[in-house]
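Report on one structure; see the data block that follows.
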Amino acid sequence: MTEHFKKQSLFCLRHGQLEQQHVLAGHTDFLLSKYGHKQLNDAVITLPDIARIYSSSLSRCSLFAEQLSLQNNIPLTVTDSLKEMNFGDWDGKNFDTLWEKSSASSGVSIGDFWQNPWLNSPPNGETMVQFTARIDCWWHNFLQQPQQGNSLLISHAGVIKHLLARVTKLNINQSELLNVFNVGYAGIVRIDITYDEQQSWPTIVF
């Protein structure tokens, strides 16, 4: 790497298993199960040295981020920008209940949302435009601040999927986008960003 180039790596880590199972966990502040904590502890063992941590402000991400930051003296930034989508009236509800009753009051069902989230927003929740815009804002700011060393992002499946869509230049308006990537509990995705004198070049590393 010549002096004309800079490079940084971002490791995207999804939170672990939740105490509550089979729920639509958006902004509802669920905690991790004991196994979920173990999943995250096991996951970070595989990482190289981390210079900074970014975390969603929801407890299932931020509590582990704070623990990791304190134990290893790593600077931590906790932000609402990295929270999962706000599913409004559906948020925190059991999936079985949502499939049975979600269209009763709003006329929009959970099935409508999964089929085309751009046309069918959760009642009293975020639209896809709002959700993707706040993640794009965070991503833009991150790319504008190249730093030495590795960064760790602890967030949610929806957030990480959108970042992957941006890096791979997918058309985010496609209704199939939610199904293109599968990021499991405590799953890690690495994004390398190379900077030349004019722009940044993110790549996904397998």
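For Arg190, indicate whether it is surrounded by 15 or more Cβ atoms within 10 Å (Cβ to Cβ), among the basic types (Lys, Arg), modelled with pLDDT of 95 or more and out of contact with any strand residue (DSSP E or B) (no Cβ under 8 Å at 6 or more places or on another chain).
The answer is no for Arg190.
Are any of the residues in segment 79-90 at pLDDT 95 or above, under 19 Å from Ile135 (Cα atoms), part of a loop (DSSP other than H, G, I, E, B) and of a type in the set (Lys, Arg)?
The answer is yes, given that some residue of segment 79-90 is at pLDDT 95 or above, under 19 Å from Ile135 (Cα atoms), part of a loop (DSSP other than H, G, I, E, B) and of a type in the set (Lys, Arg).
Regarding segment 161-179, can at least one residue be identified that is in contact with a Pro (Cβ under 6 Å, 6 or more places away or on another chain) and either in contact (Cβ under 8 Å) with a residue 60 or more places away in the chain or farther than 20 Å from Ser56 by Cβ (or both)?
Scanning segment 161-179, I find no residue that is in contact with a Pro (Cβ under 6 Å, 6 or more places away or on another chain) and either in contact (Cβ under 8 Å) with a residue 60 or more places away in the chain or farther than 20 Å from Ser56 by Cβ (or both), so the answer is no.
Looking at Arg52, Arg14 in this structure, which one is under 18 Å from Gly149 (Cβ atoms), of a type in the set (Lys, Arg) and modelled with pLDDT of 95 or more?
Residue meeting the stated conditions: Arg52.
Here is a list: Phe30, Phe64. Which entry is surrounded by fewer than 21 Cβ atoms within 10 Å (Cβ to Cβ) and either aromatic (Phe, Trp, Tyr) or in a loop (DSSP other than H, G, I, E, B) (or both)?
It is Phe30.
Mind checking whether some residue in segment 32-53 is of a type outside the set (A, V, I, L, M, F, W, C) and under 15 Å from the mean Cα position of the chain (by Cα)?
Checked segment 32-53: no residue is of a type outside the set (A, V, I, L, M, F, W, C) and under 15 Å from the mean Cα position of the chain (by Cα).
Give segment 106-131 a look and list any residue that's within 19 Å of the chain's Cα centre (by Cα) and aliphatic (A, V, I, L, M), or say none.
Scanning segment 106-131 gives Met128, Val129.
Within segment 150-180, how many residues are outside any helix (DSSP H, G or I) and in contact with an Asp or Glu (Cβ under 7 Å, 6 or more places away or on another chain)?
Number of matching residues: 2.
Take segment 166-187 and flag every residue that is modelled with pLDDT of 95 or more and hydrophobic (A, V, I, L, M, F, W, C).
Val167, Val183, Ala186
What are the pairs, 6+ residues apart or on separate chains, where a residue within segment 73-98 that is surrounded by fewer than 21 Cβ atoms within 10 Å (Cβ to Cβ) has its Cβ under 9 Å from a residue that is modelled with pLDDT of 95 or more and of a type in the set (Asp, Glu)?
Leu76/Glu66; Val78/Glu66; Asn86/Glu126; Gly88/Glu126; Gly92/Asp29
Does any residue of segment 100-109 turn out to be in contact (Cβ under 8 Å) with a residue 24 or more places away in the chain and either closer than 21 Å to Leu13 by Cα or surrounded by 17 or more Cβ atoms within 10 Å (Cβ to Cβ) (or both)?
no
The values are calculated or read from the model by the stated rules, or taken from the named source; none is laboratory data. As the structure is a prediction and not an experimental result, all values here were calculated from the model. All Cβ positions, even for glycine, are placed from backbone atoms using ideal geometry, and neighbour counts span all protein chains on display.
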